[in-house]
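Trainee: First the structure, then my questions, so here it is.
The values are calculated or read from the model by the stated rules, or taken from the named source; none is laboratory data. This structure is a prediction, so every number in the text was calculated from the model and none was measured. Every residue, glycine as well, gets a Cβ built from its backbone with ideal geometry; the counts of neighbours run over all protein chains shown.
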Amino acid sequence: MLFAHSPDPDRGIAAQEYVTHVGGVIRRASEAADKAGLYSTCDGDLLRKLVRQAAEYHDLGKLDMANQDVLSGKVKANKLPVQHTDAGTAYLLDSLKVAPSAALVRSHHIGLPDFINEQNRCEESILRDDSVREKVNRTLPDLLKLHEGVLPSAQKVNTDSCEVAGSPSLLFRIALSCLADGDHTDTAIHYGDQIADERPIELRPAERLLALDKYIATLKEDSERSRQRSEVYEACRNAVTEANIVSCDSPVGTGKTTAVMAHLLSQAEKRQLRRIIIVLPFTNIIRQSVEIYRKALLLPGEDNSELVVAELHHRADFQDIQSRQFTALWKAPIIVTTAVTFFETLASNTPARLRRLHSLPGSAIFIDESHAALPAKLLPLAWQWIKGFAKEWGCYWVMASGSLNRFWKIKEFDDAALEVPEIMPNTLRNRLAVFEKQRIVYQFHDTPFGTVDIVEWLAALPGPRIVILNTVQSAAVVARAYEKRFSRSSVEHLSTALTPIDRDKTLSRIKSRLENKNDYDWSLIATSCVEAGVDLSFRTGVREAASLVSLLQTGGRVNRHNYVNAENVWTITLKEGDLLKKHPGMRDSSKVLLDLISEGLDISPDLCTDALKREIRFAGNFSESLLIKDNQLRFPQVEKDFQVIASDTRTVVVGDELIERLEKNLPVNWRDIQKSSVQIWGYRLDALHIPEVIRHNGIYKWIFNYDDFIGYMAGVLSIATDPEFYII
């Protein structure tokens, strides 16, 4: 008997047979490729061939007798003695002459290669592991005999043509996604960590559109604001377009969340799409959008709203065999996620992160606040991917914003200047824009603030106030100082230092306070997570200098429903010290904003184009270099350089009960991990000596103080005596 995975005696799980695992991966990976291939205009058949071939031979090297001794349980070892991916790579590369499939087998654990580096190696070493190459060359015929002995009727694939018609970078990522997801899923099922073959929930767009119509009908009021929202909803719902990429320019407070969803459902029905993905900027709070969609889009008989509308707050991607089942996938018919999770998935070469990508073809994607979704220097490559998925993989994109800047028309972003039609009628857009200009007055405070200074200054502004700072640490420091100077009831705090569960509780409390007109003398100290995606309206706004787009986004959280009396939104700067720190990733964008202010220009969406041009010029040739690397298939370099948040962040679980369940191998799913974890920089975890959860490599457990006010920063600030210490 031949084996693919070793036994787990502690859980009473036997070794998995090779034929069972390979057969399971072939079936699951091929199914993923078939579903994605249905939407391809050029490379669908090739995707199916490459994935089917790679799936069959991905674990061929496990048949080496030294590996079989470990996999059978006869010999105890932490890893296999003979690297197991090289055998399948060698057979596909040298015998079948199918280099793309060989690359997938080589990559299914370590990620896609840098093809320029591979081309520069000697011929016999290309895609091969030199440490085992000679041994594999000698034993390969014996391995193939063993393989064919248990899989004699395996379907043979026609490999006459492997020429890629579309984008090779997209094809390779989608193909590895299919293979990795099939491999990880089959393994998790064997070890009892995942339910076998969960039945997918269908999108059923026409039915959900009718449900949304009924929900919207219950919200109508006899007011000018309500009539505007109804107009926007009907305009988006009934917009007719043949394009694969469109834009929607609608001011804040006009019901964009539901209006664009109606449009997406309408287009999904017309185009027979299988999924809708909502992408909010950076690490924004997504709960409010999720709650609206769950109320409006659930159909009769659907009892679990989490399976219909999935919320993915942050990246949770695990390669370790004991933790793979906690990777957050794109399986639900409607997904709400952040730009960090979404675009860093597209940029990835890592199998665990790429697992979900094969679910993207045939999707309708709504990029909310599209010009704010990414740093300017990353937009050109993201735009290339968006165009590629639209043209080659059946995706439909809506680029939306309350202050939309059409960055795709800027030469520095796209020489082609693609025509992107607007789904909102010009007459309606112009009418709404008149009201928008009367809502906000932008001000600048030219003296940098320390902790004590800013607390006193804020308290004198008309409340309630929203204050958005650039780092998690600065927000926690100011919030705690505010509480000590006044009282706990005088301040709220929202940032990614809180778990999603605690962010939801805080957001509910903030909404309740904002509805109470007698409760106004308080401040919300937050990070950019509240810039978009939340229907909050404060009297005064304060934004630490970041990008122009971020300032305009902050304006969207102030005076949202009053077009008669304008309110102030302030730009400020902070003094470094007292644990207040500047965000290095916002250096260029904040300089652009401060230059615009110093030049005496009125802050408005009209400046977005100029600001983006200035930001992209600060980046030098970075954007062009990134495009070249992607076109040259330099996958590790692209993943390294394409970071929405320039950091190695890791998943840290908060809460003794969940940690205990994980360490005792009690039932836990990926949603539990999402709701009760935070993302913290890897080097900070090392400095704080944060341990991994026992038996789950890649998942960490928080061991310091945590509270529902400033989250894990309660622990950090209690031990952070080093003035150079900071967390973004």
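Trainee: Condition first: outside the structural domain of V336 (by TED's automatic domain parsing), in a loop (DSSP other than H, G, I, E, B), at pLDDT 90 or above and not basic (K, R). Can you find one or more residues in region 548-571 that meet it?
Mentor: Within region 548-571 (the criterion being outside the structural domain of V336 (by TED's automatic domain parsing), in a loop (DSSP other than H, G, I, E, B), at pLDDT 90 or above and not basic (K, R)), the answer is no, since none of the residues qualifies.
Trainee: Which residues, taken from region 527-540, are at pLDDT 90 or above and in contact with a Ser or Thr (Cβ under 6 Å, 6 or more places away or on another chain)?
Mentor: Answer for region 527-540, where residues must be at pLDDT 90 or above and in contact with a Ser or Thr (Cβ under 6 Å, 6 or more places away or on another chain): just T527.
Trainee: Return the residue satisfying two criteria in turn: it lies in region 502-517 and is assigned to a helix (DSSP H, G or I) and out of contact with any Leu (no Cβ under 8 Å at 6 or more places or on another chain), and of such residues it is surrounded by the most Cβ atoms within 10 Å (Cβ to Cβ).
Mentor: D502
Trainee: Does F444 meet the test of being surrounded by fewer than 20 Cβ atoms within 10 Å (Cβ to Cβ), aromatic (F, W, Y), in contact with a Ser or Thr (Cβ under 7 Å, 6 or more places away or on another chain) and assigned by TED's automatic domain parsing to the domain that holds M586?
Mentor: Against the criterion (surrounded by fewer than 20 Cβ atoms within 10 Å (Cβ to Cβ), aromatic (F, W, Y), in contact with a Ser or Thr (Cβ under 7 Å, 6 or more places away or on another chain) and assigned by TED's automatic domain parsing to the domain that holds M586), F444 qualifies.
Yes/no per residue for (1) modelled with pLDDT under 85; (2) of a type in the set (K, R):
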{"position": "D595", "(1), (2)": "no, no"}
{"position": "R614", "(1), (2)": "no, yes"}
{"position": "A619", "(1), (2)": "yes, no"}
{"position": "S625", "(1), (2)": "no, no"}
{"position": "D641", "(1), (2)": "no, no"}
{"position": "A646", "(1), (2)": "yes, no"}
{"position": "L658", "(1), (2)": "no, no"}
{"position": "K664", "(1), (2)": "no, yes"}
{"position": "V668", "(1), (2)": "yes, no"}
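Trainee: Right, here's the next one. Being at pLDDT 95 or above, surrounded by 15 or more Cβ atoms within 10 Å (Cβ to Cβ), within 16 Å of A29 (Cβ to Cβ) and of a type outside the set (G, A, S) narrows it down to one residue among L179, L203; which is it?
Mentor: Answer to the selection: L179.
Trainee: Here are E422, E412: which of them is outside the structural domain of D602 (by TED's automatic domain parsing) and in contact with a strand residue (DSSP E or B) (Cβ under 7 Å, 6 or more places away or on another chain)?
Mentor: On inspection, the qualifying residue turns out to be E422.
Trainee: Which condition number does L536 fail, the rest of (1) over 24 Å from I292 (Cα atoms); (2) touching a helix residue (DSSP H, G or I) at 6+ places or on another chain (Cβ under 9 Å); (3) not charged (D, E, K, R) being met?
Mentor: Unmet condition: (1).
Trainee: Considering region 33-47 alone, what residues qualify as being of a type in the set (D, E, K, R) and surrounded by fewer than 22 Cβ atoms within 10 Å (Cβ to Cβ)?
Mentor: Those that are of a type in the set (D, E, K, R) and surrounded by fewer than 22 Cβ atoms within 10 Å (Cβ to Cβ): D34, K35, D45.
Trainee: Listed residues P100, P141; which is touching a residue at least 40 places away in the same chain (Cβ under 8 Å) and assigned to a helix (DSSP H, G or I)?
Mentor: On inspection, the qualifying residue turns out to be P100.
Trainee: Step by step: first the residues of region 206-249, then only those that are within 22 Å of R406 (Cβ to Cβ) and out of contact with any strand residue (DSSP E or B) (no Cβ under 7 Å at 6 or more places or on another chain), then the one that is surrounded by the most Cβ atoms within 10 Å (Cβ to Cβ). Which residue is that?
Mentor: Filtering region 206-249 for residues that are within 22 Å of R406 (Cβ to Cβ) and out of contact with any strand residue (DSSP E or B) (no Cβ under 7 Å at 6 or more places or on another chain), the one surrounded by the most Cβ atoms within 10 Å (Cβ to Cβ) comes out as V232.
Trainee: How do the helices (runs of 4 or more DSSP H) wholly within region 415-501 filter down when requiring 1 or more residues that are aromatic (F, W, Y) and in contact (Cβ under 8 Å) with a residue 60 or more places away in the chain: which remain?
Mentor: 426-436
Trainee: Continuing with this model, one more query. Scan D249, D213, D186 and give me the residue that is touching a residue at least 12 places away in the same chain (Cβ under 8 Å), assigned by TED's automatic domain parsing to the domain that holds R28 and not aliphatic (A, V, I, L, M).
Mentor: D186
Trainee: Would you call D86 in a helix (DSSP H, G or I), of a type in the set (D, E) and buried (at least 24 other Cβ atoms within 10 Å of the Cβ)?
Mentor: Spelling it out, D86 is indeed in a helix (DSSP H, G or I), of a type in the set (D, E) and buried (at least 24 other Cβ atoms within 10 Å of the Cβ).
Trainee: Moving on to the next point. Of L662, L633, which residue is on the phi > 0 side of the Ramachandran plot, buried (at least 18 other Cβ atoms within 10 Å of the Cβ) and either in contact (Cβ under 8 Å) with a residue 24 or more places away in the chain or over 25 Å from the mean Cα position of the chain (by Cα) (or both)?
Mentor: Just a single option satisfies the conditions, and that option is L633.
Trainee: Now, a different point. Among the residues of region 8-41, write down those that are among the hydrophobic types (A, V, I, L, M, F, W, C), out of contact with any Phe, Trp or Tyr (no Cβ under 9 Å at 6 or more places or on another chain) and under 26 Å from L273 (Cβ atoms).
Mentor: If the condition is that a residue be among the hydrophobic types (A, V, I, L, M, F, W, C), out of contact with any Phe, Trp or Tyr (no Cβ under 9 Å at 6 or more places or on another chain) and under 26 Å from L273 (Cβ atoms), then A29, A32, A33, L38 are the ones that fit.
Trainee: Something else: Do we find that R128 is among the charged types (D, E, K, R), in a helix (DSSP H, G or I), surrounded by 19 or more Cβ atoms within 10 Å (Cβ to Cβ) and modelled with pLDDT of 95 or more in this structure?
Mentor: no
Trainee: Checking L552 against (1) out of contact with any Cys (no Cβ under 8 Å at 6 or more places or on another chain); (2) closer than 16 Å to I468 by Cα, which test does it fail?
Mentor: (1)
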